[in-house]
Amino acid sequence: MEPVVLALASDERYFPGLYCAVASALSHLDVTSKVDLKVLDGGISGTSRDTLSKLVNRFGESVRLEFVTVDPSVFGKATPGPGQSHMAYCRILLPHLLDVPRLIYLDCDVLVFRDLSELFDLELSHGKILAAVPDSETLTLSCDSQAVADAMNLPADRLYFNSGVMLLNLYELRKQNFTNQSLEFLKNWRGYYRFHDQSAFNFLLQGWIDELPEYWNRASWRFDQQQNNDLDCVLHYTSSAPWLGGTRGPAQVLFERFAVDAGLPVNRQIAALKKSRRQQLFRNALAPFRALGFRLLSLFYKIAGQKEKGAAYQKAARHWLHYVLNASRRRRLHHRRAEQIQNMKFKLGVFESAA
């Protein structure tokens, strides 16, 4: 049986996410599956590498772990990513670094509650070389960069995909010389694209991306809006890394609860988490003023004849008005869901019986 190939990329800053992503992914794979786990290492400490190795050993001989050293500085001419790092770009190197025909790439800020072997075995549609879920906030190419779309003669309203969970045909990506094309794209369009490696995937591979169901990459803000704690998805923390700050809500509670059972609890005393709590208080306090202010700006731009800006501010005003009017109901729902999550138990090491 062909092993399921999983790839993630991390440095020391993102190690808590890497650890929990791997723990959740392995825990939900079919017990008959074998796994080839590749970690692109952009500066993980020796202690953290040992910690991940011990985690993987809990799943028995069915899982093989390999650390692949990467140098993010090759993307030095690209716009810096989160934390002023270029680590986020390293998934672009996968066709160059790994001699496998296909793999699943996962961001480190995910928790997996579905069997990834189902995704790995998926047959891509004719002419497609990767599969991904449409982005939940950046809906079209123009939302990333109208200028780049125009320059590349791409329809600005083309669907835009999130690169946090992808099924990749590395054989075809190598044929397309994707890695070198991406390096040129990132250098030439620096200052125009908004979403780092994700921009390269979307602009260079338009027309070659298969659309996956939303449950393979559910944004954490959508999970927070659910009426229940249905976990049959890959949960992606798109707003803020939950071990570095997080966003208050059921998704944050879920990450912290899972991290406890996985053996690497979140340190809630770090400065980033304290800062996040303060920002959430300011966000709630400012919400009524934002609702009113955006409404006034909408009227101003409509009177000035700038209908697009007026419509954009009107949409923002409606969002904040809904946020204010539903605050009490949202708090009650989140409290109920948080209590349910705190009572959840997550079992790790289920592969041992299959080893």
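The values are calculated or read from the model by the stated rules, or taken from the named source; none is laboratory data. Please read all numbers here as calculations on a predicted model, not as lab measurements. Cβ sites come from the backbone with ideal geometry, for glycine too, and all protein chains shown count toward neighbours. The area values use the complete protein model at the heavy-atom level, side chains included, leaving out ligands, DNA and RNA. Shrake-Rupley method; radii C 1.70, N 1.55, O 1.52, S 1.80 Å.
List of remarks:
- Screening the range 327-341 for residues that are over 17 Å from Asn284 (Cα atoms) and in contact (Cβ under 8 Å) with a residue 12 or more places away in the chain and picking the one that is most open to solvent (accessible area, probe 1.4 Å) gives Gln340.
- Residues being closer than 28 Å to Glu172 by Cβ and at pLDDT below 95 - total across the range 220-241: 1
- Complete set of residues in the range 257-274 that are in a helix (DSSP H, G or I), modelled with pLDDT of 90 or more and open to solvent by 40 Å² or more (accessible area, probe 1.4 Å): Val260, Asp261
- The range 227-247, subset touching a residue at least 40 places away in the same chain (Cβ under 8 Å) and more than 20 Å from Asp107 (Cβ to Cβ), residue most open to solvent (accessible area, probe 1.4 Å): Gln227
- Look at (1) open to solvent by less than 40 Å² (accessible area, probe 1.4 Å); (2) modelled with pLDDT under 90; (3) part of a helix (DSSP H, G or I); (4) not hydroxyl-bearing (Ser, Thr, Tyr) and you find that Arg277 fails only one, number (1).
- The helices (runs of 4 or more DSSP H) located wholly in the range 116-226 that include 1 or more residues which are of a type in the set (Ser, Thr, Tyr), surrounded by fewer than 22 Cβ atoms within 10 Å (Cβ to Cβ) and at negative phi occupy 116-120, 141-151, 170-175, 178-188.
- Top-ranked residue in the range 295-326 [being open to solvent by 100 Å² or more (accessible area, probe 1.4 Å) and of a type in the set (A, V, I, L, M, F, W, C); ranked as farthest from Gln225 (Cα to Cα)]: Ile303
- Sole exception among (1) in contact with a Leu (Cβ under 7 Å, 6 or more places away or on another chain); (2) of a type outside the set (A, V, I, L, M, F, W, C); (3) closer than 21 Å to Asp36 by Cα; (4) surrounded by fewer than 22 Cβ atoms within 10 Å (Cβ to Cβ) for Pro95, by number: (4)
- Residue check, Val112 touching a residue at least 40 places away in the same chain (Cβ under 8 Å) and either in contact with a Leu (Cβ under 7 Å, 6 or more places away or on another chain) or under 26 Å from Ala251 (Cβ atoms) (or both): yes
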